[in-house]
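Heads up: the structure comes next, in structure tokens.
The values are calculated or read from the model by the stated rules, or taken from the named source; none is laboratory data. Everything numeric here is computed off the predicted structure, so don't read it as measured data. Positions of Cβ are backbone-derived with ideal geometry, glycine not excepted, and every protein chain shown enters the neighbour counts.
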Amino acid sequence: MKFNLLKKEIHHNSWRLYVTILVLGLLTALLSTSQIEVTKHLTDTLVSNSINSQQVILWMGLLFSVYIGMNLIKVINTYFQDKVRIQMSFNLDTIFLNKINPQTITNVETPKYQNELNIAKYGFDSISGLTLSFLQFVSLLFSITFYFVVIFQKIWFLPFIILLLNLPKLLTESKLAVKDYQFVEQTTEVSRKRSILQSLLLTPLAIKEILIFSAKPFILNHWDQSYREEIIQTLKYKRHESVKKLILGLQSNLGLLLNQSVLVFALMNKIISFGDYISLLAAITMIESSFYGVASYYRQIKQYHISTKKLVDFFGKYSNIGIESKDSVSIRSKDLSIQNLNFQYPNQKFKTLNGIHLNIKSGEKISIVGSNGSGKSTLSKIIAGLHDIEAQTVFIGGIDIKLLDSTSYFSNFSMVTQDFMKYPFTLKENISLSDKPNIEKILSIKRTYSNLIPDIDLNTVLGYEYEGSRQLSGGQWQKVALARALYKDCEFMILDEATSALDPESEFKFINTYIQEERRKNLIFITHRLNLCKLFDRIIVMDNGRIVEVGTHHQLMNSRGTYYNLYQSQKMEEEYNGLVQTTI
Ligand SMILES: Nc1ncnc2c1ncn2[C@@H]1O[C@H](COP(=O)(O)OP(=O)(O)OP(=O)(O)O)[C@@H](O)[C@H]1O
């Protein structure tokens, strides 16, 4: 990806503001040079043998007007700079959120992604800072040039000495720019840890457990430790920066002393007047401070180069920029076939799935069961196209899914996972995920699946995030997620323990209705409630990343293997619970 492609979007709607700020910068430079000139004349009038009071009043009036003008421009300039900052941060956030578009979740569900995201955000912020600094830099260049002209007219060689003495500032800032980035990279994890723990202490979900388990001191202690670690690292870096700045300050003081000596020499030898002395000293001091601005701009230019490199890497990994869109392949059948599929998560040392072979015919309803961690969710996410897999392992209608455009592949799937989303939107938006929900479609789902969609106004905002919103129960939220999956109305419905919060009657009614109503569609149902498995065409039993049994409920019960044992132990548990209840 070429970063230049983004530049236009970064500066969208800002060019007129930039020109305004530059004009204001030019005016500031003109006024501050006039201030020097007026001060010179006022001083010369004051130290002359015959003080002309009218002239003194005139110069003082002029000086006052220059001050007022400078103040006015300063206020207007600050406003426009704020405006640029706001516009730029909107542009950058828009680009960032639009461009980050990973095609799968495999690399996103890792700490590496979080760290790289943090560094990329820092890079983006430094770009927005750079634009403003560039404008300030140009304004400073105006001022420095004007001051140089003033000084050059009186003592021609002095501007060159000043320039030479200020070069170390640029060098130091360039080194600090590299160090800045190294510092951010080193502290990303610890600063993320601190903010994760901080939000843990503040989010309502966590507060509930914190209260019950009296966990505040424990989490606070973790937060305190990571914050202290971050502070230690930050202060170490700041100390290093301060030492560099101290050395620079000393160099700058020595430079001023040298320049002042030149002025004193010129004054004593009557090369310049006393007024010149005062005004030139002011000009030199202003150049010195302007050079700090120039140096800090130089540091940001350096950072800009590092940032763009990091951003190009980041977008290369997590966006679809530069990925050639695949030709649309027409899929004739929706039969799904998995051939010798192995899968390993990027941050795991072992394979989560081992040699999976599975064929699912169009319209088939299958249930996947197995112990915790056996790989059921991973397999279902792979089927839905959410993970990076090797070529020639998953096929739809005989076509390798790696050859298909991911968006068109996703259009075949509806999915409700264990950790489904609860959007802080209205009920109808939660179901449709659209600005223009098809109300008739929602009402039709409501009629077919009784008790699925809560009996509240479709325009009610859900959750506890906003004033006037309405919180749902866990089961109701899960029903809304199921309604969302039905609304998408796809060939494949994947339900990963997606009915676990429903009462047994609602769960049975939902699954049974889907099977009856959607005979031509596929249902992949992951569950721990084995009594529902009887409703399915086939049951897949998983253990330790492998498929260990496949068959109907009766076949698997007769073969007396893993499924049989799981079923028996669940039946015994249910009988025991029933016994306890009747005893009570
Ligand atoms: N994002 C992830 N990154 C790394 N490892 C993961 C990730 N998700 C799952 N795993 C690992 O993969 C293995 C299988 O997990 P998976 O969620 O597929 O199991 P499951 O059969 O659905 O379990 P459960 O019944 O508890 O939901 C587990 O050992 C788990 O630690």
Condition test on residue 144, is it modelled with pLDDT of 85 or more, under 30 Å from residue 31 (Cβ atoms), more than 16 Å from the ligand (Cβ to nearest atom) and crowded, with 18+ Cβ neighbours inside 10 Å?
yes
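Given the structure, is residue 137 surrounded by fewer than 19 Cβ atoms within 10 Å (Cβ to Cβ) and of a type in the set (Phe, Trp, Tyr)? Lay out the reasoning, then the answer.
Numbers: surrounded by fewer than 19 Cβ atoms within 10 Å (Cβ to Cβ): no; of a type in the set (Phe, Trp, Tyr): yes.
No: the conditions fail for residue 137.
Criterion first (at pLDDT below 95 and buried (at least 16 other Cβ atoms within 10 Å of the Cβ)) does residue 530 satisfy it? Walk me through it before giving the result.
Working: at pLDDT below 95: yes; buried (at least 16 other Cβ atoms within 10 Å of the Cβ): yes.
So residue 530 fits the description; yes.
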Complete set of residues in the stretch 513-527 that are more than 16 Å from the ligand (Cβ to nearest atom) and surrounded by 23 or more Cβ atoms within 10 Å (Cβ to Cβ):
522
Given (1) of a type outside the set (A, V, I, L, M, F, W, C); (2) away from the ligand (no atom under 15 Å from the Cβ); (3) more than 23 Å from residue 411 (Cβ to Cβ), index of the condition residue 351 fails:
(2)
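Among the residues of the stretch 372-381, is any away from the ligand (no atom under 15 Å from the Cβ) and either farther than 30 Å from residue 564 by Cβ or at pLDDT 95 or above (or both)? First the steps, then the outcome.
Step one: of the stretch 372-381, the residues away from the ligand (no atom under 15 Å from the Cβ) are none.
Among the residues of the stretch 372-381, not one is away from the ligand (no atom under 15 Å from the Cβ) and either farther than 30 Å from residue 564 by Cβ or at pLDDT 95 or above (or both), which makes the answer no.
Filter the stretch 10-43 down to the residues that are closer than 20 Å to residue 267 by Cβ and either within 42 Å of the chain's Cα centre (by Cα) or without any contact (Cβ under 8 Å) to a residue 40 or more places away in the chain (or both) and list them by number.
Going residue by residue through the stretch 10-43, those that are closer than 20 Å to residue 267 by Cβ are 36-43.
Once the filter is applied, which keeps residues that are closer than 20 Å to residue 267 by Cβ and either within 42 Å of the chain's Cα centre (by Cα) or without any contact (Cβ under 8 Å) to a residue 40 or more places away in the chain (or both), the stretch 10-43 yields only 38.
In this structure, is residue 542 within 16 Å of the ligand (Cβ to nearest atom), touching a residue at least 24 places away in the same chain (Cβ under 8 Å) and buried (at least 18 other Cβ atoms within 10 Å of the Cβ)? Talk me through it step by step, then tell me what you get.
Numbers: within 16 Å of the ligand (Cβ to nearest atom): yes; touching a residue at least 24 places away in the same chain (Cβ under 8 Å): yes; buried (at least 18 other Cβ atoms within 10 Å of the Cβ): yes.
Considered against the rule, which asks whether it is within 16 Å of the ligand (Cβ to nearest atom), touching a residue at least 24 places away in the same chain (Cβ under 8 Å) and buried (at least 18 other Cβ atoms within 10 Å of the Cβ), residue 542 comes out as yes.
So that you can scan it fast, the table gives a plain yes or no per residue for (1) assigned by TED's automatic domain parsing to the domain that holds residue 510; (2) farther than 30 Å from residue 352 by Cα; (3) within 16 Å of the ligand (Cβ to nearest atom); (4) in contact with a Phe, Trp or Tyr (Cβ under 6 Å, 6 or more places away or on another chain):
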residue: 393; (1), (2), (3), (4): yes, no, no, no
residue: 432; (1), (2), (3), (4): no, yes, no, yes
residue: 442; (1), (2), (3), (4): no, yes, no, no
residue: 465; (1), (2), (3), (4): no, yes, no, no
Between a first residue in the stretch 68-97 that is in contact (Cβ under 8 Å) with a residue 24 or more places away in the chain and a second residue that is surrounded by 13 or more Cβ atoms within 10 Å (Cβ to Cβ) and charged (D, E, K, R), which pairs have beta carbons less than 7 Å apart while being 6 or more apart in sequence or on different chains?
91/9; 95/9
List the number of the failed condition for residue 365; all other conditions in (1) of a type in the set (D, E, K, R); (2) touching a helix residue (DSSP H, G or I) at 6+ places or on another chain (Cβ under 9 Å); (3) at pLDDT below 95 hold.
(3)
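Listed residues 107, 77, 91; which is within 30 Å of residue 381 (Cβ to Cβ) and in the same structural domain as residue 12 (by TED's automatic domain parsing)? Walk me through how you get there before you give the answer.
Values: 77 fails: within 30 Å of residue 381 (Cβ to Cβ); 91 fails: within 30 Å of residue 381 (Cβ to Cβ).
Exactly one residue qualifies, and that residue is 107.
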Any residue at all in the stretch 425-433 that's of a type in the set (Gly, Ala, Ser) and under 26 Å from the mean Cα position of the chain (by Cα)?
yes
Would you check which residues across the stretch 496-512 are of a type outside the set (Phe, Trp, Tyr) and surrounded by 15 or more Cβ atoms within 10 Å (Cβ to Cβ) and list them?
496, 497, 498, 499, 500, 501, 502, 506, 507, 509, 511
Look through 337, 307, 367 and report the one residue that is more than 16 Å from the ligand (Cβ to nearest atom), of a type in the set (Ser, Thr, Tyr), more than 30 Å from residue 145 (Cβ to Cβ) and touching a residue at least 40 places away in the same chain (Cβ under 8 Å).
337
Residues of the stretch 508-530 satisfying the condition of being within 16 Å of residue 368 (Cα to Cα) and either of a type in the set (A, V, I, L, M, F, W, C) or assigned to a helix (DSSP H, G or I) (or both):
511, 515, 523, 524, 525, 526, 530
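From the list 386, 458, pick out the single residue that is within 16 Å of the ligand (Cβ to nearest atom) and either modelled with pLDDT under 95 or outside the structural domain of residue 105 (by TED's automatic domain parsing) (or both). Before the answer, list the steps.
Values: 458 fails: within 16 Å of the ligand (Cβ to nearest atom).
Answer to the check: 386.
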Across the stretch 173-196, what is the number of residues that are under 20 Å from residue 141 (Cβ atoms) and buried (at least 17 other Cβ atoms within 10 Å of the Cβ)?
2
Among the numbered criteria (1) over 15 Å from residue 542 (Cα atoms); (2) within 16 Å of the ligand (Cβ to nearest atom); (3) among the hydrophobic types (A, V, I, L, M, F, W, C), which one does residue 413 miss?
(2)
